[in-house]
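The values are calculated or read from the model by the stated rules, or taken from the named source; none is laboratory data. Bear in mind that the values here come from a model prediction, so they are computed numbers and not experimental data. For neighbour counting, all protein chains shown are included, and Cβ atoms are generated from backbone atoms with ideal geometry for every residue, glycine included.
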Amino acid sequence: MSILLIAEHDNANLKVFTLNAITAASKIDQEIHVLVAGNKCENVAKEVALIPLVKKVIHCDSPNYENFLPENLTPLIIKVSESYTHIIAAANTFGKNFMPRVSALLDSSQISDVIKINSSEEFLRPIYAGNAFATVKSNDKKKCITIRPTSFEVASKSGGSSSIEKIEAADIPNISKFIKREQIKSERPELGTARVVISGGRGMQSSDNFKLINAIADKLNAAVGASRAAVDAGYIGNDHQVGQTGKVVVPDLYIAVGISGAIQHLAGMKESKIIVAINKDGEAPIFSIADYGLEADLFEALPQFLDELNKLNTIQK
Amino acid sequence: MKILVAVKRVIDYNVQIRVKEDGSDVNTDNVKMSTNPPDDNAIEEAVKLKESGKAKEIVAVTVGEEKAQETVRKAIAVGADRGIHVKSDNYIEPLGIAKILKKIVEKEKPDLVFLGKQAIDDDCNQTGQMLAAMLGWPQGTFASKIEHKDKVIEVTREVDEGLETIQINLPAIITCDLRLNEPRFASLPNIMKAKKKPIEQLYAKDLGVDISNRIQQVKVEEPPKRKGGIKVASVAELVSKLKNEAKVI
């Protein structure tokens, strides 16, 4: 067995989810080779070579891969994939974009969003937005797998020294073109990777009241989330939505404020390590999954919360 | 321009999912079913293109059991011109569905195929991309905005870091995000009219493609239940617990 893992990067630095995917891959087999395809991405190839779990780096440099268009990446991955049994990438918008193309051309049925590796052919994956877990066994010779990054630890980035093999670019079909990328600028950590998330629901009553949430987010270096109800009410932009139709988050600490706990919201946050609920309705379903519930009026509780946090002098960032 | 829209019948998104006692699957007996939510966005976008004069014909297609044709009827009620129902009583993996859709595309020769970005039952997020690869077509996945410009289409995509805009040649595959548009409801007269529109029926097994499943579902289980926690009496107690017990701040 041997694994081909597709690295995600921005041509300058490796993206962290690749490290989660490498940890997952190491539970299948130790022969892990990482494909770094990009434009002038030599530093990324060198960065990957230092990861102790990586046995070999395959580096392909070409303007064709600068923006990771799936139409261009797929022929390269197909060409490289020949000698591998497993092809792996993170199940984020990067991996989800190209992996099914690779899978289709290899006539292999992809296993998406794996959260646990049982063996080299058996995997656990959530279905119905995490409302059920399916154990699946793949009978394909070559398996294409995407890994849910937050279900695996980040692999160590230093101490290794694998070889870097340079390869030629593959032909591209010339049917797609990159135009632009607009990053949502925020001083705060990204919702999908933040260690702490604080979310507001319909109970916030207005977009102005989200300043109470923002103040605590700044103090805890947290990302700000919201329930669908708060987004639909126009209190906050939909890029903050946590839930089945928004983002799935798995932080160390999730604080739900004024959120009742609809199924659709729980699907996006119930795997968080510690859940805190602040709600004045003691019967709200969110309390049944919260580690710490505080039945209180959020407009009194949030300013007090900030005061208490200010009293602490050691907040982990 | 001709547009093909693929739709799927799934358990309604408001239904609480229950796992069967024997752990073989999720219970679908006597459960409310409806069109996969982002597939509604796919139909809506096609209808908008027709209303703006850019599309001439919309064909809705589904693969599934007898009742799956309800989703095609709904698509027609919203604005599709006709429908195709590829019948199959068994679950078919996205790989097999993509092969079936490829056959339909070869027959219908659309310029654009719209699909939802993901089905809310198996959460695979594969069919559109697989179909694109099999046809050698470009794809605009997780589309939140599209702009048709003659022989190309500009697609704004919802990606982890924000938005990405690409330009793809026609013919192309677009998979739709919920943010693409606001799906309309079918009016009662249109629902009545849709009942008379033709739906062509085919059988998956007659299409000459290998739709055998490659993945065996070993078991389905409820996710581990979270233990209910405790209620704290005050904010001070909450902060103290978070610091000293949970050690997360």
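Screening B:ASP22, B:ASP12, B:ASP39, B:ASP111 for residues that are of a type outside the set (A, V, I, L, M, F, W, C), over 20 Å from B:THR175 (Cβ atoms) and touching a Lys or Arg at 6+ places or on another chain (Cβ under 7 Å) leaves exactly one candidate, B:ASP12. Of all residues in region B:214-234, those satisfying the criterion of being facing chain A (nearest Cβ under 7 Å) and either assigned to a strand (DSSP E or B) or modelled with pLDDT of 95 or more (or both) are B:ARG214, B:ILE215, B:GLN216, B:GLN217, B:VAL218, B:LYS219, B:VAL220, B:GLU221, B:ILE230, B:LYS231, B:VAL232.
On the given criteria, is A:SER103 surrounded by 24 or more Cβ atoms within 10 Å (Cβ to Cβ), modelled with pLDDT of 95 or more, at the interface with chain B (Cβ under 7 Å from one of its Cβ atoms) and in a loop (DSSP other than H, G, I, E, B)? It is false that A:SER103 is surrounded by 24 or more Cβ atoms within 10 Å (Cβ to Cβ), modelled with pLDDT of 95 or more, at the interface with chain B (Cβ under 7 Å from one of its Cβ atoms) and in a loop (DSSP other than H, G, I, E, B).
Within the set B:ILE166, B:ILE191, B:ILE249, B:ILE230, the sole residue that is within 30 Å of A:PRO173 (Cβ to Cβ) and hydrophobic (A, V, I, L, M, F, W, C) turns out to be B:ILE166. In the set A:GLU187, A:GLU168, only one residue is under 30 Å from B:GLN167 (Cβ atoms) and either free of Cβ contacts under 8 Å to residues at least 60 places away in the same chain or not in a strand (DSSP E or B) (or both); that residue is A:GLU168. Can you say whether B:ALA194 is under 19 Å from the mean Cα position of the chain (by Cα) and among the small types (Gly, Ala, Ser), as far as the supplied structure shows? No: the conditions fail for B:ALA194.
Please indicate, with yes or no, whether at least one residue in region A:203-222 is of a type in the set (S, T, N, Q), more than 14 Å from chain B (Cβ to nearest Cβ), at positive phi and not in a helix (DSSP H, G or I). The answer is yes, given that some residue of region A:203-222 is of a type in the set (S, T, N, Q), more than 14 Å from chain B (Cβ to nearest Cβ), at positive phi and not in a helix (DSSP H, G or I).
Within region A:196-228, the set of residues being more than 18 Å from A:LYS247 (Cα to Cα) and among the charged types (D, E, K, R) comprises A:ASP208, A:LYS211, A:ASP218, A:LYS219. Restricting A:PHE68, A:PHE123 to those that are of a type in the set (Phe, Trp, Tyr) and either surrounded by fewer than 24 Cβ atoms within 10 Å (Cβ to Cβ) or part of a helix (DSSP H, G or I) (or both) reduces the list to A:PHE68. Can you tell me which residue in region B:129-179 is farthest from the other protein chains (Cβ to nearest Cβ), limited to those that are within 26 Å of B:ILE100 (Cα to Cα) and polar (S, T, N, Q)? Of everything passing the filter in region B:129-179, B:THR175 is farthest from the other protein chains (Cβ to nearest Cβ).
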